[in-house]
1. Looking at (1) in a loop (DSSP other than H, G, I, E, B); (2) at pLDDT 95 or above, which one does Gln213 not meet, given that it meets all the others?
2. Going through the stretch 245-299 one residue at a time, which ones are of a type in the set (Lys, Arg) and free of Cβ contacts under 8 Å to residues at least 60 places away in the same chain?
3. In the stretch 86-127, which residue that is closer than 18 Å to Val205 by Cβ, of a type in the set (D, E, K, R) and surrounded by 20 or more Cβ atoms within 10 Å (Cβ to Cβ) is farthest from the chain's Cα centre (by Cα)?
4. Could you tell me which of the residues Thr91, Thr109, Thr38, Thr87 is at pLDDT 95 or above and out of contact with any Ser or Thr (no Cβ under 9 Å at 6 or more places or on another chain)?
5. Among the acidic types (Asp, Glu), surrounded by fewer than 18 Cβ atoms within 10 Å (Cβ to Cβ), in the same structural domain as Arg29 (by TED's automatic domain parsing) and under 22 Å from the mean Cα position of the chain (by Cα): is that true of Glu149 in this structure?
6. Need the failing condition index for Arg188 against (1) touching a helix residue (DSSP H, G or I) at 6+ places or on another chain (Cβ under 8 Å); (2) more than 24 Å from Ala285 (Cβ to Cβ); (3) free of Cβ contacts under 8 Å to residues at least 60 places away in the same chain, just the number.
7. Report whether or not Thr141 is at pLDDT 95 or above, under 19 Å from Lys368 (Cβ atoms) and part of a loop (DSSP other than H, G, I, E, B).
8. Does Leu26 satisfy the condition of being crowded, with 19+ Cβ neighbours inside 10 Å, under 16 Å from the mean Cα position of the chain (by Cα), of a type in the set (A, V, I, L, M) and not assigned by TED's automatic domain parsing to the domain that holds Asn278?
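The values are calculated or read from the model by the stated rules, or taken from the named source; none is laboratory data. In this text the structure is predicted, and so the values were computed from the model without any measurement. All Cβ positions, glycine included, derive from the backbone under ideal geometry; neighbour counts span all protein chains shown.
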Amino acid sequence: MTAPVPVFHLITELDVGGAQKALACLLARLDRDNFSPTVACLYNGDRVVAQEIRQLNLPVIDLGMTAKWRWDAFWRLYRLLRRQRPTILHTWMFHANFPGRLLGRLTGTPIIISSERTMGHESRWRYWLNRITEPLTDRVTCVSRLVAEFVVEKVGIPRCKIIVIPNGIDVRAFDRVSTRQQARATLRLPSDSMLVGTVARLNPVKRLDVLLQAMASLDNACVVIVGDGVERARLETLSNELGLAERVHFAGQQDDVRPWLAALDVFALTSDWEGMPNAVLEAMATGLPVVATAVGGTPEVVVDGETGLLVPPRDPNALAQAITCLLREPDLRRKMGRAGRERVERHFSIEETVRQTEALYTTLLQEKGYY
């Protein structure tokens, strides 16, 4: 093939989130001489990540799904695929995977790639829909080895169709542009306190209530929570009930999290489950030690005792003990921070993610006789 291969990316929505950021990072570096991408989302085509993608001079098409399973949105997707005739359809997240597989085959799309990014306990009907439409896809990408095992054992996707491509980040973008004290002064954060922080959507699965409960037992540290979501009001109420109102800073949604990470001493992740946490990769790229729950793909990123400490989920006492260990040992924090940065550079760079994705595209094109 001499012309760039048309690749159609279909994602559920384009608000801030791990899958959305992964797509934007991929598109920013995909070889345009070989691949010509188009992006469509079922809804939220005017949000932050959609604007980032448009700034790459790429089209973003909002299919206008104002409610789940709006059949007119599926009809628009069908007509769009018929009109554009992509060679590769790459779908992201369940609500894009399911219609993408069906409509991709109905419109004669030669290559269909789906993605599995979480280990959340979905309903049985989702597993069933995933399983019965699996024959329509050529490959299923997973962001971690444990996610791959999960979809084999729980969903029933054949192992031969699965390829693990971890998330990657632009590591150099997280070089510290300011010192810890400069970042705190700019953001008006306490200059003389130990700061524990996290970056997350404020939704139940992130279990930030556990972080607040852990911090209530630490009287010498403050906590910074960057992000927004449905749990914010409940978490603010809980912080007041725990007597933490003066020590918790809710930063809200931030377009650039790097200054906030630069201000921290320790990064914490308290999720019930994760596929491959971008926020942890970014914290490690900043040189921060990480305390995280040992769930999903997180242990594939955080090496316990080397780049951070792993704790059981929903255990505020264990979380508090791990945070205390790091706050008391500045040399250990620095050592783990350096090791974390080196690990991300070696294994989780966006360049490696793009290389593996392009290699997958090329392999499938060869299998289909395009090369």
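1. With respect to (1) in a loop (DSSP other than H, G, I, E, B); (2) at pLDDT 95 or above, Gln213 is out only on (1).
2. Listed by number, the list holds a single entry, Arg247.
3. Glu116
4. Of the residues listed, the single one that is at pLDDT 95 or above and out of contact with any Ser or Thr (no Cβ under 9 Å at 6 or more places or on another chain) is Thr38.
5. Spelling it out, Glu149 is indeed among the acidic types (Asp, Glu), surrounded by fewer than 18 Cβ atoms within 10 Å (Cβ to Cβ), in the same structural domain as Arg29 (by TED's automatic domain parsing) and under 22 Å from the mean Cα position of the chain (by Cα).
6. Arg188 satisfies every listed condition except (1).
7. No; evaluated as a whole, the condition is false for this residue.
8. Here the answer is yes, as Leu26 does meet what is asked.
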